[in-house]
There are 2 protein chains.
Amino acid sequence: MATSKRQHVLDSAKELFEREGFHATGIERILEHANVAKMTLYNNFGSKDQLIVAVLEQSSRTMIEHLVSIAKQSGSDPYEQILGIFGALGDWYDDPTFCGCIFQAATAEYPDPDCAIAQAAHAHQTNLTLLFRELSAKAELRDPDALARRLALLASGATCLARQTRERSPAEDALRMAEILLERASTPIEHRTL
Amino acid sequence: MATSKRQHVLDSAKELFEREGFHATGIERILEHANVAKMTLYNNFGSKDQLIVAVLEQSSRTMIEHLVSIAKQSGSDPYEQILGIFGALGDWYDDPTFCGCIFQAATAEYPDPDCAIAQAAHAHQTNLTLLFRELSAKAELRDPDALARRLALLASGATCLARQTRERSPAEDALRMAEILLERASTPIEHRTL
DNA sequence: GAGCGAATAGACCGACCGGTCTTATTGTTC
DNA sequence: GAACAATAAGACCGGTCGGTCTATTCGCTC
């Protein structure tokens, strides 16, 4: 039961933070949404900031696992797996409850790069890039480090724009650019005119 | 004098909002930073939210003008002008006072897409894309609409990542991808192998 | 059923929030 | 110098914030 209560708080907090922002979400709103007493929250997490860190850490694990499962569903070829991830971006943006990337939001609301919250968001970005790097290496693509950085840039840019514009076109644009990057990274340089 | 006071408030508010976030910056901190009385702020702007909108509107004008001047400095060829803008991203990220894009931060802190703040941030994104579209059209590049969207995506993604990672590599990655996009958009399709 | 840790409900705290109001002091223009 | 708008300085307001504390109840294990 203890872990279940803790999970309720985490899930409620994540939903409210995503929908309304971190500062704008008061502790009491989380309590009533999770149907939990104040002391339960503070016994489990200690403070609002630590709760935010816990939310980010769990969200990172969940998202990375989700992307890995999408990759697996997209076939055995890591090349196709990368494109599968970018294809899934569109579905994410289409979800009417989509309200952007919680890590981007955390970075925006907590500008001090040394604070635990900003570092948790940074850690997620590192893990995401690492995932792209693994897939790039498996696909035997050229310069997997640079490729992974650029794929991560495309994903971040698309998500950022999708939130601002409420359109799905960023997903398609990012997918198209990812295709171009992968094509170029899998073609011997001497066979490439551009 | 009235406009000068108003400008002091706008400048101070912008700096604090960028450095510490919108919710985290109280009215009184803006007042003491601008050396201005409370009523001066409320007579000029009416409310904190309207002040934020005014800051965003002025920041958008300033940034677009700045990008236009960078483009002009980069030569007369619109192709080079676009690359000039991406080259300038690195300088921005290198600035030790760089703390991300204020419009991305505003979108993150005010998730309701109908509120005036989110709309002001959205308007800036529209204007930025429009600038890329103009330059793309002048350079007689193929499909300037899609190209402009993709260039805007690259710029947003690089800025987002630069803030999270505190590195300048996103600028170089975005510049390289912009080069690739421009090359492809200026090459007849039949002459392109990839 | 006794004992005990976990969870509840909610009063309570000081601090700060955005915003209003009052009073006095400027600086400018006739 | 009179008149007036802009500004200053700061008291003040109700509300909310994150966080603490207490008293009570629940649910599980011997």
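The values are calculated or read from the model by the stated rules, or taken from the named source; none is laboratory data. Quick caveat: nothing in here was measured; it's all calculated off a predicted structure. Cβ coordinates were reconstructed from backbone atoms using ideal geometry, including for glycine residues, and neighbour counts include every protein chain displayed. With ligands, DNA and RNA removed, areas are computed over all heavy atoms of the protein, side chains included. Shrake-Rupley method; radii C 1.70, N 1.55, O 1.52, S 1.80 Å.
Values computed for the structure shown
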{"quantity": "Test set (1) in a loop (DSSP other than H, G, I, E, B); (2) touching a helix residue (DSSP H, G or I) at 6+ places or on another chain (Cβ under 8 Å) - A:ALA106 fails condition number", "calculated": "(1)"}
{"quantity": "Selection count, segment A:48-81, where residues are open to solvent by 30 Å² or more (accessible area, probe 1.4 Å) and within 16 Å of DNA strand C (Cβ to nearest atom)", "calculated": "3"}
{"quantity": "Tally of residues being out of contact with any His (no Cβ under 9 Å at 6 or more places or on another chain), on the phi > 0 side of the Ramachandran plot and touching a residue at least 24 places away in the same chain (Cβ under 8 Å) across segment A:22-75", "calculated": "0"}
{"quantity": "Near pairs, Cβ below 7 angstrom, 6+ apart or cross-chain, from segment B:2-21 (assigned by TED's automatic domain parsing to the domain that holds B:GLU32 and surrounded by fewer than 20 Cβ atoms within 10 Å (Cβ to Cβ)) to any residue that is of a type outside the set (Gly, Ala, Ser) and not in a helix (DSSP H, G or I)", "calculated": "B:LYS5/B:VAL36; B:HIS8/B:VAL36; B:LEU16/B:THR25; B:ARG19/A:PRO111; B:ARG19/B:CYS99; B:GLU20/A:PRO111"}
{"quantity": "Residues located in segment B:26-42, provided they are open to solvent by 90 Å² or more (accessible area, probe 1.4 Å) and near DNA strand C (Cβ under 6 Å from one of its atoms)", "calculated": "B:GLU28, B:LYS38, B:MET39"}
{"quantity": "Qualifying positions in segment A:21-49 - within 17 Å of A:ILE117 (Cα to Cα), part of a helix (DSSP H, G or I) and more than 8 Å from DNA strand D (Cβ to nearest atom)", "calculated": "A:PHE45"}
{"quantity": "Matching residues, segment B:120-149, being touching a Leu at 6+ places or on another chain (Cβ under 7 Å), outside any loop (DSSP other than H, G, I, E, B) and over 27 Å from B:LYS14 (Cβ atoms)", "calculated": "B:SER136, B:LEU147"}
{"quantity": "Qualifying residue in segment A:67-89 (condition: over 26 Å from A:ARG150 (Cβ atoms), at pLDDT 95 or above and of a type in the set (Val, Ile, Thr))", "calculated": "no"}
{"quantity": "Residue among A:ILE117, A:ILE180 that is among the β-branched types (Val, Ile, Thr), within 9 Å of chain B (Cβ to nearest Cβ) and in a helix (DSSP H, G or I)", "calculated": "A:ILE180"}
{"quantity": "Test result for A:GLU80, at the interface with another protein chain (Cβ under 10 Å from one of its Cβ atoms) and either in contact with a strand residue (DSSP E or B) (Cβ under 9 Å, 6 or more places away or on another chain) or in a helix (DSSP H, G or I) (or both)", "calculated": "no"}
{"quantity": "Residue check, B:PRO111 out of contact with any Phe, Trp or Tyr (no Cβ under 8 Å at 6 or more places or on another chain), at pLDDT 95 or above and open to solvent by less than 60 Å² (accessible area, probe 1.4 Å)", "calculated": "yes"}
{"quantity": "Odd one out for A:SER136, checked against (1) open to solvent by less than 20 Å² (accessible area, probe 1.4 Å); (2) more than 12 Å from the chain's Cα centre (by Cα); (3) modelled with pLDDT of 95 or more", "calculated": "(3)"}
{"quantity": "Residues of segment A:90-107 satisfying the condition of being facing chain B (nearest Cβ under 8 Å) and out of contact with any Phe, Trp or Tyr (no Cβ under 9 Å at 6 or more places or on another chain)", "calculated": "A:CYS99, A:GLY100, A:PHE103, A:GLN104, A:THR107"}
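Here's the yes/no breakdown for (1) at the interface with another protein chain (Cβ under 7 Å from one of its Cβ atoms); (2) open to solvent by 10 Å² or more (accessible area, probe 1.4 Å):
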site: A:ASN127; (1), (2): no, yes
site: A:LEU131; (1), (2): no, yes
site: A:LEU161; (1), (2): yes, yes
site: A:GLN164; (1), (2): yes, yes
site: A:ALA171; (1), (2): no, no
site: A:ALA174; (1), (2): yes, no
site: A:SER186; (1), (2): no, yes
